[in-house]
Amino acid sequence: MKFYSRLATIALLAGATLPAATITSYFLEYNGSSIGSGSNNVSDFFLEAGTQSDGITVTGTLDLFQGGSPVTTGVPLTGPVSLRFTDASLTCASSTFCSPITLFFAAYVFFEGTAPTELEGLFGVDGSGTAPNFLNAIVAGQNDAPLLGNVSTNGPFDESLPLPANFMITNGSNMAEFRFLLQLPAGMSNGETISLPNSLFQQLNTAGSSVPEPGTVAIVGAGLLGAFWFRRRQR
């Protein structure tokens, strides 16, 4: 049975704003291996030891986006930029049980000028599952790794936390590292599905950004957006 994603996000909405910036190149990684950009570039299967077919299927698309479309290198950014794992699902097919897994996602982004340094933001997870279970979500910076732990996936889930004010993603003067992971520490039961469809993402604002990328508004909430706009109007 094929499962399609419906709704999920892991989000970092930066409170700081990048200066007008141009991305010269970027490289994507999934579970430590380089992957090309494009639709359905993540297609994985975690085979259970001692079986011929039991295991967890992971599918989705990992890429760097701006305004809902893949980033165009060499062109100045005009809005938010985000690493997104979109249209994704994790499904278990087993005669007994699927073992715990950890999924790593990263992008190494090179800028024409200086890369961003310290950022403020929000990290969250939003999705749905079909059985009693839980997941952990972690976004990794150079100096911290905020965690959303034991998030229930028994039906819809939506949790978030603010990032530390000194959260850093810079590695070198012109490179930024986007890194996050998902853990299923208790594994999955046969027939269980966790949908991550809208995206698992880490977002940064750029100069001139006034509206977050689609999906972010629902995560941040009306209260945070209202405060953001109020501060801008007071300047």
Task: Selection count where residues are in a loop (DSSP other than H, G, I, E, B), touching a residue at least 40 places away in the same chain (Cβ under 8 Å) and within 25 Å of ALA186 (Cβ to Cβ), scope region 132-169 - done: 3
Task: Filter result for GLY55 (in contact with a Cys (Cβ under 8 Å, 6 or more places away or on another chain) and farther than 19 Å from ASN136 by Cβ) - done: yes
- [ ] Tally the residues that are outside any strand (DSSP E or B), surrounded by 14 or more Cβ atoms within 10 Å (Cβ to Cβ), in contact with a Pro (Cβ under 9 Å, 6 or more places away or on another chain) and not hydroxyl-bearing (Ser, Thr, Tyr), restricting the search to region 18-75.
- [x] 2
Task: Matching residues in region 83-112 - criterion: being among the acidic types (Asp, Glu) and farther than 16 Å from PRO197 by Cα - done: GLU112
- [ ] Starting from residues that are open to solvent by less than 20 Å² (accessible area, probe 1.4 Å), out of contact with any Asp or Glu (no Cβ under 9 Å at 6 or more places or on another chain) and hydrophobic (A, V, I, L, M, F, W, C), keep the ones in region 143-182 and report whichever is farthest from PHE110 (Cα to Cα).
- [x] LEU182
TODO: Taking the residues in region 183-211 that are modelled with pLDDT of 85 or more and among the hydroxyl-bearing types (Ser, Thr, Tyr) as candidates, determine which candidate is most open to solvent (accessible area, probe 1.4 Å).
DONE: SER189
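The values are calculated or read from the model by the stated rules, or taken from the named source; none is laboratory data. Keep in mind that what you see is a predicted model, and the values were worked out from it rather than measured. Heads up, the Cβs are rebuilt from the backbone with ideal geometry, glycines too, and the neighbour counts pull from every protein chain shown. What goes into the accessible areas is simple: the full protein's heavy atoms, side chains included, and nothing from ligands, DNA or RNA. Shrake-Rupley method; radii C 1.70, N 1.55, O 1.52, S 1.80 Å.
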